[in-house]
Amino acid sequence: MSDRGKLIVVSGPSGSGKGTILAEVLKSPDYVYSVSATTRAPRKGEIDGKHYFFIERAQFEEIIQKGGFVEYAEYNGNYYGTPLEFVNHNLDQGKNVILEIEVQGAMQIKKALPDALFVFMTPESREELEARLRNRGTEEEDVINRRLAIADREIPSALLYDYVIFNRRGEQDKAVEDFFAAVRAASLTPARQYDQLKTYFYAK
Ligand code: 5GP
């Protein structure tokens, strides 16, 4: 295998603290974050081009038609998609590209690009997840309940990922370490090390 970067797909319920963990990971120059496009409205404090590219439905559908997304999904009434060009360019540069996406999109990637690394992050319990969603304070009650219902549906999908990271309260450093451990382990598979391995095959 070449020095192409690794595509790392991270999913987990909203309120799982993925963002905080990934912010730590992204301090490393080896990693870049793929900014998604979405049709949902920006939340308070969200910046266009940093958190998401906030676009209209018609524009989103046009990009779908042109094949401009690695994957896309409809979630909670809005479209979310991963821009193809950014991902390919950075993988070619040898960067590890992190996609923070929901389960349907992750499963599209699993079919198309099984060599990617799939990581599921979640708090240690449903109670903790609910507490974090409520403390975030940026959402109405019905939005919180909808997000909890989505989490209840999505958590069993964790079984389809390569690794699960529990982001326990007060143990964020450990979750970051676990993330790097997962990436390290994924780099040790025979497929990822085939170039070195194959030198043995022709040695005799
Ligand atoms: P939020 O509205 O809370 O920012 O995101 C809702 C969900 O959409 C989260 O699970 C988030 O990870 C996911 N998401 C964000 N960007 C993308 C994307 O490009 N594709 C897919 N499939 N999901 C995304």
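The values are calculated or read from the model by the stated rules, or taken from the named source; none is laboratory data. Values in this document were obtained by computation on a predicted structure and should not be read as measured data. Because the Cβ atoms are built from the backbone with ideal geometry, glycine has one as well, and the counts that use them run over all protein chains shown. Heavy atoms of the whole protein, side chains included, go into the accessibility calculation; ligands, DNA and RNA do not. Shrake-Rupley method; radii C 1.70, N 1.55, O 1.52, S 1.80 Å.
Being near the ligand (Cβ under 8 Å from one of its atoms), aliphatic (A, V, I, L, M) and either in contact with a strand residue (DSSP E or B) (Cβ under 6 Å, 6 or more places away or on another chain) or closer than 26 Å to Ala149 by Cα (or both), is that true of even one residue in the stretch 79-90?
No, the conditions are met nowhere in the stretch 79-90.
Among the candidates Asp115, Asp178, which residue alone is among the charged types (D, E, K, R), within 19 Å of Asp30 (Cβ to Cβ) and crowded, with 18+ Cβ neighbours inside 10 Å?
Details: Asp115 fails: crowded, with 18+ Cβ neighbours inside 10 Å.
Among Asp115, Asp178, only Asp178 is among the charged types (D, E, K, R), within 19 Å of Asp30 (Cβ to Cβ) and crowded, with 18+ Cβ neighbours inside 10 Å.
Which of the residues spanning the stretch 108-129 are charged (D, E, K, R) and without any contact (Cβ under 8 Å) to a residue 24 or more places away in the chain?
Going through the stretch 108-129, the residues charged (D, E, K, R) turn out to be 110-111, 115, 124, 126-128.
Answer for the stretch 108-129, where residues must be charged (D, E, K, R) and without any contact (Cβ under 8 Å) to a residue 24 or more places away in the chain: Lys111, Glu127.
Is it true that Gln59 is polar (S, T, N, Q), in contact with a Ser or Thr (Cβ under 9 Å, 6 or more places away or on another chain), more than 11 Å from the ligand (Cβ to nearest atom) and open to solvent by 60 Å² or more (accessible area, probe 1.4 Å)?
Working: polar (S, T, N, Q): yes; in contact with a Ser or Thr (Cβ under 9 Å, 6 or more places away or on another chain): yes; more than 11 Å from the ligand (Cβ to nearest atom): yes; open to solvent by 60 Å² or more (accessible area, probe 1.4 Å): yes.
When the stated conditions are applied, Gln59 passes them.
Here's the yes/no breakdown for (1) under 25 Å from Glu177 (Cα atoms); (2) hydroxyl-bearing (Ser, Thr, Tyr); (3) part of a strand (DSSP E or B):
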{"site": "Gly19", "(1), (2), (3)": "yes, no, no"}
{"site": "Ala23", "(1), (2), (3)": "yes, no, no"}
{"site": "Pro29", "(1), (2), (3)": "yes, no, no"}
{"site": "Ala37", "(1), (2), (3)": "no, no, yes"}
{"site": "Pro42", "(1), (2), (3)": "no, no, no"}
{"site": "Glu46", "(1), (2), (3)": "no, no, no"}
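Taking interchain pairs and intrachain pairs at least six residues apart, which have beta carbon atoms under 8 angstrom, with the first residue in the stretch 83-98 and open to solvent by 60 Å² or more (accessible area, probe 1.4 Å) and the second part of a strand (DSSP E or B) and of a type in the set (Ser, Thr, Tyr)?
Partner pairs satisfying both residue conditions: Lys95/Tyr31.
Restricting to the stretch 158-175, give me the number of residues that are within 16 Å of the ligand (Cβ to nearest atom) and surrounded by fewer than 17 Cβ atoms within 10 Å (Cβ to Cβ).
2
Among the residues of the stretch 66-74, is there at least one that is out of contact with any Leu (no Cβ under 7 Å at 6 or more places or on another chain), of a type in the set (Ser, Thr, Tyr) and surrounded by fewer than 20 Cβ atoms within 10 Å (Cβ to Cβ)?
No.
Just one of the numbered conditions (1) without any contact (Cβ under 8 Å) to a residue 40 or more places away in the chain; (2) in a helix (DSSP H, G or I) is not true of Pro190; which one?
Unmet condition: (2).
For Arg147, indicate whether it is surrounded by fewer than 18 Cβ atoms within 10 Å (Cβ to Cβ) and over 28 Å from Ala181 (Cβ atoms).
Spelling it out, it is not the case that Arg147 is surrounded by fewer than 18 Cβ atoms within 10 Å (Cβ to Cβ) and over 28 Å from Ala181 (Cβ atoms).
Looking only at strands (runs of 3 or more DSSP E) that lie completely in the stretch 70-185, which have at least 2 residues being of a type in the set (Phe, Trp, Tyr) and under 16 Å from Ile8 (Cβ atoms)?
Of the strands (runs of 3 or more DSSP E) lying wholly inside the stretch 70-185, those with at least 2 residues that are of a type in the set (Phe, Trp, Tyr) and under 16 Å from Ile8 (Cβ atoms) span 117-122.
I need a count of the residues in the stretch 135-178 that are farther than 14 Å from Ser16 by Cα and not small (Gly, Ala, Ser).
19
State which residue is surrounded by the most Cβ atoms within 10 Å (Cβ to Cβ) when the search covers only the stretch 1-15 and only residues that are more than 9 Å from the ligand (Cβ to nearest atom) and under 23 Å from Ala175 (Cβ atoms).
Among residues in the stretch 1-15 that are more than 9 Å from the ligand (Cβ to nearest atom) and under 23 Å from Ala175 (Cβ atoms), the one surrounded by the most Cβ atoms within 10 Å (Cβ to Cβ) is Val9.
Identify, please: which residue in the stretch 27-47 is buried (at least 16 other Cβ atoms within 10 Å of the Cβ) and more than 9 Å from the ligand (Cβ to nearest atom) and is, among those, farthest from Leu99 (Cα to Cα)?
First, the residues of the stretch 27-47 that are buried (at least 16 other Cβ atoms within 10 Å of the Cβ): 31-39.
From the residues that got through so far, the ones that are more than 9 Å from the ligand (Cβ to nearest atom) too are 31-33, 39.
On the way: Tyr31: 11, Val32: 9, Tyr33: 7, Thr39: 17 Å.
Out of the qualifying residues, it is Thr39.
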